[in-house]
Amino acid sequence: MKRRRKKKKSALRKFVIAFFVLAVLGGAGMAYELYSRVYQPNIVLPENVSKKYIYIPTSAEFHQVVQILSESGLLINANSFEWLATTKKYTTNIKPGRYRINRNLNNNQLINLLRSGRQTPIKVTFNNLRNKEQLAGKVANQIEADSTDLLTYITNTAFLNANGFSKENVICLFVPNTYEFYWNTSAKQFMERMQKEYETFWNADRKTKAKKIKLTPFEIVILASIVEKEQNIKKEERPEIAGLYLNRINKKMKLESDPTLIFALGDFTINRVLNKDKKVDSPYNTYIHKGLPPGPICIPSINAVDAVLNASEHKYIFMCAKEDFSGYHNFAKTYVKHMINARKYHKAMNKRKIMR
């Protein structure tokens, strides 16, 4: 009997020990599984890539976030990400934006990043653009707002009237530069920022200089756009060109600027303006109409605007590109001298067979 009892006790002891061991192992396994889901890296990047950006659209739902991460080839295990996202209530707390995803992020770090809205700003740059359509397209390639929304806002009658702009001169508002934005910036937010930048740009010093040469900020930008297109190679010559056009304005002469004529024709491949071109019926044809055109012929750089504000003082009223094609101009005070310069240039163009 005693031997049987001992055997039963021994068997029971073994069972308890085995059960305890299995429970510990099972618990350890569950704990490890839980740890892995939360803290094991769940992002995969190529060896030569240390970071990648994802873009979560405004009003995106959780399944779209998972799709974006998966289609970007970032998630090792989508199920573990979805489980922790649900646990941490990220599924109902989606924040749009551009997020920098670093190597070796675990689910907890990734969800904390996305849930916090700590997106990485983007540098928005625009320059060397001719019109508001090009501007809208350029900006739309850099932020979430699409070109249609941007163009609609730029040309909105209420916006134009409230800020003293017209459809022709509204691009005077935009100062080419590099600006920091969040990717999910709307058209309205972009325009509000541009208004602030415009007001900052036209500080007391620039306004004083504009008043001194008897032009409004709008007129300064329009003239700067002509100067920009007249001289886009040798920028140091721009103040001299600006001074020439101011002389013509003060003498109430037509500006007779080839770049305004090219803008009126809408053919920006033209290298040589012909006499027949000077007959085009357009308010931008400064060979027909006196004064400045109704709007800029491009979005001028800060350099061109400041060249007008700091225009050289001289008596030149004519200019012609130099016959050596150096990018510089010959300036003249009289029409006779100008025609001598013009004949040299036309002869050089003919020699190079530049007909259009």
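The values are calculated or read from the model by the stated rules, or taken from the named source; none is laboratory data. Remember, it's a predicted structure, so these values are computed and weren't measured experimentally. FYI the Cβ positions are ideal-geometry reconstructions off the backbone, even for glycines, and counts take in every protein chain you see. Please note that ligands, DNA and RNA were not included when accessible areas were found on the heavy atoms of the full protein model with its side chains. Shrake-Rupley method; radii C 1.70, N 1.55, O 1.52, S 1.80 Å.
Condition test on Gly266, is it in contact (Cβ under 8 Å) with a residue 12 or more places away in the chain and of a type in the set (Gly, Ala, Ser)?
For Gly266, the condition - in contact (Cβ under 8 Å) with a residue 12 or more places away in the chain and of a type in the set (Gly, Ala, Ser) - is not met.
Taking into account only those residues within the range 130-159 that are closer than 22 Å to Ser301 by Cα, part of a loop (DSSP other than H, G, I, E, B) and modelled with pLDDT of 95 or more, which is least open to solvent (accessible area, probe 1.4 Å)?
So, considering only residues that are closer than 22 Å to Ser301 by Cα, part of a loop (DSSP other than H, G, I, E, B) and modelled with pLDDT of 95 or more, the one least open to solvent (accessible area, probe 1.4 Å) is Ile143.
Kindly indicate which of Phe325, Phe318 is of a type in the set (Phe, Trp, Tyr) and on the phi > 0 side of the Ramachandran plot. Talk me through it step by step, then tell me what you get.
Details: Phe318 fails: on the phi > 0 side of the Ramachandran plot.
Within the list Phe325, Phe318, the selection yields Phe325.
Could we say that Ile302 is within 21 Å of Leu135 (Cβ to Cβ), exposed (fewer than 14 other Cβ atoms within 10 Å of the Cβ) and in contact (Cβ under 8 Å) with a residue 60 or more places away in the chain here?
yes
Mind checking whether some residue in the range 186-203 is open to solvent by 40 Å² or more (accessible area, probe 1.4 Å), among the hydrophobic types (A, V, I, L, M, F, W, C) and more than 30 Å from Arg118 (Cα to Cα)?
no
Any idea how many residues of the range 307-356 are crowded, with 18+ Cβ neighbours inside 10 Å and within 14 Å of Glu237 (Cβ to Cβ)?
Counting residues in the range 307-356 that are crowded, with 18+ Cβ neighbours inside 10 Å and within 14 Å of Glu237 (Cβ to Cβ) gives 10.
Among (1) within 28 Å of Ser72 (Cα to Cα); (2) touching a residue at least 24 places away in the same chain (Cβ under 8 Å), which single condition is Ile171 missing?
Just one mismatch for Ile171, condition (1).
How about the range 246-263: which of its residues are touching a residue at least 40 places away in the same chain (Cβ under 8 Å) and of a type outside the set (S, T, N, Q)?
Leu246, Arg248, Ile249, Lys251, Met253, Phe263
Could you tell me whether Val280 is among the aliphatic types (A, V, I, L, M), farther than 24 Å from Ser326 by Cα and modelled with pLDDT under 95?
Judged against the criteria, Val280 is a match.
Mind checking which residues of the range 236-270 are closer than 21 Å to His346 by Cβ, surrounded by 11 or more Cβ atoms within 10 Å (Cβ to Cβ) and of a type in the set (S, T, N, Q)?
Ser257, Thr260
If the Cβ limit is 9 Å and pairs must be 6+ apart or interchain, which residue in the range 45-70 that is assigned to a loop (DSSP other than H, G, I, E, B) pairs with which residue that is of a type in the set (S, T, N, Q)?
Going by the 9 Å Cβ cut-off, the qualifying pairs are Leu45/Asn102; Leu45/Asn104; Ser50/Asn102; Pro57/Gln64; Pro57/Asn184; Thr58/Asn184; Thr58/Ser186; Glu61/Thr91.
Based on what the data block shows, is Ile299 assigned to a helix (DSSP H, G or I) and either at pLDDT 95 or above or under 31 Å from the mean Cα position of the chain (by Cα) (or both)?
Here the answer is no, as Ile299 does not meet what is asked.
I'd like the full set of residues that are under 19 Å from Cys298 (Cβ atoms), outside any loop (DSSP other than H, G, I, E, B) and charged (D, E, K, R), limited to the range 233-277.
Lys235, Glu237, Arg238, Asp258, Asp277
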